[in-house]
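Presented below is the structure to which this report refers.
Please treat every number below as a calculation from the coordinates, not as lab data. Nothing here was measured: the structure is a model prediction, and the numbers come from that model. Cβ sites come from the backbone with ideal geometry, for glycine too, and all protein chains shown count toward neighbours.
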Amino acid sequence: MKVQCIKILSPATGKDLGQKSPWLTVGKTYVALALTIESGEVSRVLIESDENAVPKDFFINQFELIDENEQENWISKDGPDGMIWKAPASWLEEDFWDRFDEGDEQALSDFSVERDRMK
């Protein structure tokens, strides 16, 4: 699945931030690494941001779907309040993102392996 950035909005205010930020560039296509679905609709998308290729979660209203085919390595996991996450299985483990943020070697490796399968 691929998305193209169509606008950059402040997550706090919803204000349009222009054509480029440290995280996104309007017109650029990104690989969707994971999705959050709420009330039956995609609400958020995880991509690698422009700066340092850090994975970051964005509201889907900032993107247009370019390729709707889901990634082959995604599974679905139920979350709270009817939420559904779609991502590689290892990324959906309870403490994966905490370990990733702390620089855990296995989490970083799992991220890289799964991300590379999606490119």
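Looking across region 1-43, the residues that are part of a strand (DSSP E or B) and without any contact (Cβ under 8 Å) to a residue 40 or more places away in the chain come down to ASP16, LYS20, THR25, THR29, TYR30, GLU41, VAL42, SER43. Would you check if there is a residue in region 44-52 being free of Cβ contacts under 8 Å to residues at least 24 places away in the same chain and over 27 Å from GLY103 (Cα atoms)? Looking for residues that are free of Cβ contacts under 8 Å to residues at least 24 places away in the same chain and over 27 Å from GLY103 (Cα atoms), one finds none in region 44-52, hence no. Note on region 80-94: among residues that are part of a strand (DSSP E or B) and of a type outside the set (A, V, I, L, M), the one that is surrounded by the fewest Cβ atoms within 10 Å (Cβ to Cβ) is TRP85.
The set of residues in region 50-60 being assigned to a loop (DSSP other than H, G, I, E, B) and either within 8 Å of the chain's Cα centre (by Cα) or crowded, with 17+ Cβ neighbours inside 10 Å (or both) consists of ASP50 alone. For residues that are surrounded by 15 or more Cβ atoms within 10 Å (Cβ to Cβ), among the small types (Gly, Ala, Ser) and under 13 Å from ASP50 (Cα atoms), tally how many sit in region 1-33. The total comes to 1.
Matching residues to (1) among the acidic types (Asp, Glu); (2) surrounded by fewer than 16 Cβ atoms within 10 Å (Cβ to Cβ); (3) within 17 Å of MET1 (Cα to Cα):
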site	(1), (2), (3)
GLU72	yes, yes, yes
LYS77	no, yes, no
PHE96	no, no, no
ALA107	no, no, no
ASP110	yes, no, no
